[in-house]
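Since the structure comes first, as structure tokens, the remarks are kept for the end.
Values quoted throughout were computed directly from the atomic coordinates according to the rules given, and no laboratory measurement underlies them. Keep in mind that what you see is a predicted model, and the values were worked out from it rather than measured. Neighbour counts run over all protein chains shown; Cβ positions are idealised from the backbone, glycine included.
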Amino acid sequence: MPIIDSRKLAQEGLLEAAKLAVLSLHKAPQITGRTEVKAVVVTGDAFKPLMGVMEEIEALGFEGMMKFPFMPLFLDYICYKTAIEEGWNPVAIILGADLTVSQSGWDCGACGFPSCAAFNKYARKHKSPGPLLGRGLGMGPSCAMKMLDLSIACDYVTATLHNLNVETRAQGTFAILAQGLEYIPGTSCCIVNPVGPIAELYWYSRKPLGGMIPIPASGEIPDMVYQMGLTFLRERHPDAWEALPALTHPWIKGHGKWWERSKEYVKIESDPQIEKDAEDLTKIFLQAIDKRKAEVKKLREEGNL
């Protein structure tokens, strides 16, 4: 009997785990009993279009990446890229459903419309993407009960992989790419579940992100990392710097001895430069999706998807 490397066996086992997770997906209970949840498992060449889109964003350099409107998508891309460079062949389950038609007649109002009939009438004429990164990346409005069905199916996928001791995390990030590239035609909403890689808490510890910080010639890494991290967090999570929220107008913490300086307050105003940067990066992103969409279509036509 030959000696087989355990990591090779483990990599092969990821596809077996994906099969069991997909079985769980189609056995998942539903609230409505009327939601058709579809899924595909992608690996190898079928995964490359997803990475190709983000490679064009990465090519813009660190400054371009920092201006990308949806940062979590880029961060997950870095994690995938690092795992691939370390020898992992990505395996991902993409699941989705059309949530734009209500079939229950319950008139629950959770969608924001007074009745299912009102929801369906509006959705037939006004399906549109949300505000995140523009057109084609998920369509709404969505039936809240069908959204629960899709979420339950995702829960069953993640629970199965967890019970098999396989890394996963439900990703709305790469789901945006999967939706735009039309991996599952006829769906209005997608979720992506990576199967692996073979590492402890890979999608939670996110160790590859530590390598994103450029090292200065001075070697003063701690100070630079602190300043960059502070700027990044203050711009994206200002709530973490709020001081004494019980006040009617709380001031905001800064770096250093913020309590010894004049108080700083949040001011809400437009910023044309931020809007322009986001618009320019989104345009590049959507053009990259259009370019790679043909690759996904070809894979489907050749029976490889």
Percent of Cα-Cα distances greater than 25 Å, calculated over the chain: 59
Positive-end residue, the chain charge dipole about Cα centroid, Cβ charges, pick of ASN163, ALA288, GLY303: GLY303
Length released on extending from GLU235 to ARG261, taking residue separation times 0.36 nm less the Cα-Cα span: 7.4 nm
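Test of understanding: what is the full-extension gain from CYS108 to PHE62, defined as 0.36 nm times their sequence separation minus their Cα-Cα distance? Working shown, then result.
Values: separation 46, 0.36 × 46 = 16.56 nm, distance 4.67 nm.
Result for the pair: 11.9 nm of gain on full extension.
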For the chain, built as a Gaussian network whose Cα springs stay under 10 Å, the top-fluctuating residue of PHE68, PHE119, PHE174: PHE119
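Taking the Cα centre of the chain as origin, work out the dipole magnitude from +1 charges on Lys and Arg Cβ and -1 charges on Asp and Glu Cβ, in debye rounded to 20. Mind showing how you got there, number by number?
Values: 33 positive and 36 negative charges, 172 e Å.
It comes to approximately 820 debye.
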Top of HIS126, HIS162, HIS26 by mean-square fluctuation, Gaussian network on the chain, Cα under 10 Å: HIS126
Order of VAL166, VAL192 under a 10 Å beta carbon neighbour criterion, fewest first: VAL166, VAL192
Sites ILE274 and ARG7 - FRET efficiency at Förster radius 35 Å, r taken between beta-carbons, to 0.05: 0.20
Alpha carbon Rg of the range 22-178, scaled by the compact-globule rule 2.2 N^0.38 Å: 1.19
Residue with peak Gaussian network fluctuation, the chain [Cα springs, cutoff 10 Å], from TRP259, TRP203, TRP106: TRP259
